[in-house]
Protein chains: 2
Amino acid sequence: MISIPVLTLKRLPQYLELLYGFEQEGQDTISATRLAELTGVHMTQVRKDISLTGVVGTPKVGHKIKDLIESIESCLNWKDLSSAFLVGVGRLGSSLLGYSELKRKGLNIVAGFDSDPSLAGTLVDGVIVHSMDKFANLCQRMKVHIGILTVPADQAQSTAELMVASGILAIWNFTPTLLQVDENIIVEDVDMSASLAVLSRRLSEKYDHDSKQISKIDNYKNKTDQEKQ
Amino acid sequence: MISIPVLTLKRLPQYLELLYGFEQEGQDTISATRLAELTGVHMTQVRKDISLTGVVGTPKVGHKIKDLIESIESCLNWKDLSSAFLVGVGRLGSSLLGYSELKRKGLNIVAGFDSDPSLAGTLVDGVIVHSMDKFANLCQRMKVHIGILTVPADQAQSTAELMVASGILAIWNFTPTLLQVDENIIVEDVDMSASLAVLSRRLSEKYDHDSKQISKIDNYKNKTDQEKQ
DNA sequence: GTGCATTCGATATTAAAATATCGAAATACT
DNA sequence: AGTATTTCGATATTTTAATATCGAATGCAC
């Protein structure tokens, strides 16, 4: 199985999102050119990305939306459900348990786990919550290989170690902690801090505020508003 | 102000996370070499990243941890607080309201907004929640320029438009929707789908399952376990 | 103090990603 | 039917990011 570049993988769900919309609107085909316009990705890049999923289009027409969806979904292995355990049923954790879109993206959270014993046995959005000491056993018995990590930062590393010891092969890490695990464990960070870093810096770069941020930004805003008129 | 590459910006919070840890342990200095070991980033890359923040180290010793933290934080503009409004006080939204770490990352959520009128006037983690119709007015009066978008997907685009019309300059977007807004509005996506896409694909690539996923993975697991012994 | 090991930081090389170019195929228009 | 236009998809170029190399500076051991 060929290795698809990370950056391509990260763009594929963007295309999918648009394609679902077009499908609902009853559209039948879409061109890479149009996808490029809507995503801001260069059109040759869109073509490359699409060709990596293995689908072919027809000149002058574009791609059949159904085929494209099918191709991207199967490329991402979103067509059949993988079971996952979620550890840390706080607000972030439980918002994931209630996020039904995950099932459309190949992820089936079959149980939650939390160190708070009062949660044990309860249902959160229809998902059973167990105490932590059940994790290893259930993980092996149910052959679950994906772990979702939504615990507080100070428990992240130890929980990750428990996961790996229990047979988890891939960790979807929502904590800011840099996990130190065996190198053939797949760790994928949902890195809020990274995203915030980009936002903060871009804002600084654009409005170049040294001390009186707000007023400078407001001046800028007024100026550009005037220019528009 | 120089433009720092996105990929560097995304690595900086990782370094910070480690540095906070070292600081607490009472360490005084750290080498780029050591940071490279811990993050998996190449050591010359770490040096480049660090030099972009404008700090200099001393040969044989490394960098003073205090200086490095200071330098990265000010580079990301995390040293002084920026006010932000959050729209969509669901579980994801309220988990952000309760996430005190954001203040350490320069972000001060001063109010929440929700279309559910029963939430108006309530406090969530000490943050006041308003009804949506107050947004534009408060945004202008309080000169808030950062909007956090945690609404359901079908309200994402319209909410973003309201934000922009109200004077928001940067949107931190937690929805899977590709926002279509004026090009000089900064949009930064926290892209869960992108991250899941990478995880799913990497898992597929590694265990190359065509039909009987689980058993194949388990076979692989057993095999590698045996190899280790 | 002198030599040695370590680390910085600048420059050079390599690798990868993004963009541009171009021919071929398919449809629509004349 | 023939031509023009759009779009695909392959190849080539450019740009950017990652890695390697190397000299200089610093501290430590002797």
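The values are calculated or read from the model by the stated rules, or taken from the named source; none is laboratory data. Remember, predicted model here, so these are calculated numbers, not experimental data. Cβ: placed from backbone, ideal geometry, glycine included. Neighbour counts: every protein chain shown. With ligands, DNA and RNA removed, areas are computed over all heavy atoms of the protein, side chains included. Shrake-Rupley method; radii C 1.70, N 1.55, O 1.52, S 1.80 Å.
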Checklist entry - Considering the alpha-carbon set of the stretch A:82-190 alone, what are its Rg and its Dmax in angstrom? => result 12.4, 35
Checklist entry - If the chain between B:Ser118 and B:Ile2 were fully stretched, how many nm would it gain, using 0.36 nm times the residue separation less the Cα-Cα distance? => result 37.2 nm
Item to check | Packing-based order for B:102-112, A:117-127, using average beta carbon neighbours within 10 Å, highest first | outcome: B:102-112, A:117-127
Checklist entry - Using the alpha-carbon atoms, what tilt in degrees (0 to 90, nearest 10) does helix A:192-207 show relative to the longest principal axis of chain A? => result 30 degrees
Next on the checklist: On C-alpha positions alone, give me the angle between the axis of helix A:65-75 and the longest principal axis of chain A, in degrees, nearest 10.
Outcome noted: 40 degrees
Checklist entry - Which residue fluctuates the most in chain A, going by a Gaussian network model with Cα springs under 10 Å, if the choices are A:His42, A:His130, A:His145? => result A:His42
Checklist outcome for this item: Per-residue ellipticity at 222 nm attributable to helices in chain B (runs of n ≥ 4 DSSP H, -39500 (n - 2.57) apiece, nearest 500 deg cm²/dmol) works out to -15000 deg cm²/dmol
Checklist entry - At a 1.4 Å probe, what is the % contribution of carbon and sulfur to the accessible area of chain B? => result 51 percent
Item to check | Nm distances between copies for B:Glu101, ranked from closest, using label points 7 Å along Cα→Cβ | outcome: 2.1
Next on the checklist: How shielded is B:10-16 by partner chains, expressed as the average number of their Cβ atoms within 10 Å of its Cβ atoms?
Outcome noted: 5
Next on the checklist: Quick check: residue separation of B:His42 and B:Glu183 times 0.36 nm, minus the Cα distance between them. What number comes out in nm?
Outcome noted: 47.3 nm
Item to check | Rounded to 10°, Cα long-axis angle of helix B:43-52 versus longest principal axis of chain B | outcome: 30 degrees
Checklist entry - How far is B:Glu37 from itself in the other copies, in nm, if each label sits 7 Å out from Cα along the Cα-Cβ line, shortest first? => result 5.5
Checklist entry - What whole number of Å gives the distance from the Cα centroid of the stretch A:127-203 to the Cα centroid of the stretch B:22-87? => result 24 Å
Checklist entry - With a 1.4 Å probe, how much accessible area is buried between chains A and B, both sides summed, in Å² to the nearest hundred? => result 7000 Å²
Checklist entry - How high is the FRET efficiency between A:Arg34 and A:Asn108 when r is their beta carbon distance and R₀ equals 35 Å, given to the nearest 0.05? => result 0.60
Next on the checklist: With every protein chain kept in place and ligands, DNA and RNA left out, what is the accessible area per residue of the stretch B:82-190? Probe 1.4 Å, answer in Å².
Outcome noted: 40 Å²
Item to check | Position A:Lys206, label points 7 Å along Cα→Cβ, spacing to each other copy in nm (shortest first, one decimal) | outcome: 3.7
